[in-house]
Amino acid sequence: MRYLVFLLPLAASAQVLNVTVLDYASVPPATLAAAREVFTSIYRKAGGQVQWTVETRVWRPDQTVRLADVPGDIVLRICTEEMAKSLVRKETILGYVQPSAERELARVATVFYHRVEDLKAATGSTPAQVLGTALAHELGHLLLGKGAHSRAGIMRCPWDTQELRAIHRGQLVFDRRQSLTIVNSIAARTGLTMAANAFAAGPGR
Ligand SMILES: [Zn+2]
């Protein structure tokens, strides 16, 4: 009986993916709030529920951050141009996924805010539209796994005129096949987190 009482509240929140957004780029709060709407709406259309929590961070080149210690199922970083110079070879990329240790699921991805600003200027979209969609693309990599890029749509790389126009209209979303994988992947990831929480809570208490 004690076991059953313990499981019920966890099961109720099983399908919600907890995403922790680390904002290193001092994104204006209104832009972040609007980007969150764009992001959660893209996942809602795919049939998945995501919960987004923002933490503001300050980057120091000499400091190592243990991303494994950041709470949540997924960690999405919004990084600056200065960070891009030390993190990636090509400063023109919009984002990337942090490789995971062997036999672990990747859970960290990054979007560069200066590239969001570039695309915003090129498309006439708001920074929130581009940021929310770019974060959705990077989370798409984590949930869809290898070979996530597609010939068209939100997982196209790089986005072409058609995709950039669709961002502006709020219509750049996952297709049906991608949506199905995303829903399954969220269920698997939140299931894993539940198991980890149950384990961390310790048996027989
Ligand atoms: Zn990509």
Exercise. Restricting attention to segment 186-202, does a residue exist that is closer than 21 Å to Thr40 by Cβ and within 16 Å of the ligand (Cβ to nearest atom)?
Worked result: no
For this session: Starting from segment 85-113, take each residue that is within 27 Å of Ala188 (Cβ to Cβ) and list its partners that are of a type in the set (Phe, Trp, Tyr), counting only C-beta distances under 9 angstrom and pairs at least six apart or across chains.
Result: Leu94/Phe112; Leu94/Trp159; Gly95/Phe112; Tyr96/Phe112; Ala109/Tyr96; Thr110/Tyr96; Val111/Tyr96
For this session: Show the residue pairs that are 6+ apart or on different chains and have beta-carbon atoms under 8 Å apart, the first residue being within segment 19-39 and free of Cβ contacts under 8 Å to residues at least 24 places away in the same chain, the second being among the aromatic types (Phe, Trp, Tyr).
Result: none
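Are any of the residues in segment 103-114 more than 29 Å from Pro71 (Cβ to Cβ) and either in contact with a His (Cβ under 7 Å, 6 or more places away or on another chain) or away from the ligand (no atom under 14 Å from the Cβ) (or both)?
Going through segment 103-114, the residues more than 29 Å from Pro71 (Cβ to Cβ) turn out to be none.
No.
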For this session: Report yes if some residue within segment 147-164 is small (Gly, Ala, Ser), closer than 18 Å to Thr40 by Cβ and within 10 Å of the ligand (Cβ to nearest atom); otherwise report no.
Result: no
Exercise. Scanning segment 45-74 for residues that are outside any loop (DSSP other than H, G, I, E, B), of a type in the set (A, V, I, L, M) and crowded, with 16+ Cβ neighbours inside 10 Å, which turns out farthest from the ligand (Cβ to nearest atom)?
Worked result: Val54
Problem set entry | Condition met for Arg77 (of a type outside the set (Ser, Thr, Tyr), surrounded by 15 or more Cβ atoms within 10 Å (Cβ to Cβ), modelled with pLDDT of 95 or more and outside any helix (DSSP H, G or I)) | yes
For this session: State yes or no: is Thr123 away from the ligand (no atom under 14 Å from the Cβ) and in contact with a Lys or Arg (Cβ under 8 Å, 6 or more places away or on another chain)?
Result: yes
Exercise. Looking only at helices (runs of 4 or more DSSP H) that fall completely inside segment 90-190, which ones have 3 or more residues that are at pLDDT below 95?
Worked result: 113-123, 161-169
Problem set entry | Index of the failed condition, Ile93 passing every other in (1) within 18 Å of Val21 (Cα to Cα); (2) of a type outside the set (D, E, K, R); (3) within 16 Å of the ligand (Cβ to nearest atom) | (1)
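The values are calculated or read from the model by the stated rules, or taken from the named source; none is laboratory data. Keep in mind the model is a prediction, meaning the values are calculated, not measured. Virtual Cβ from ideal backbone geometry, glycine too; neighbours counted across all protein chains shown.
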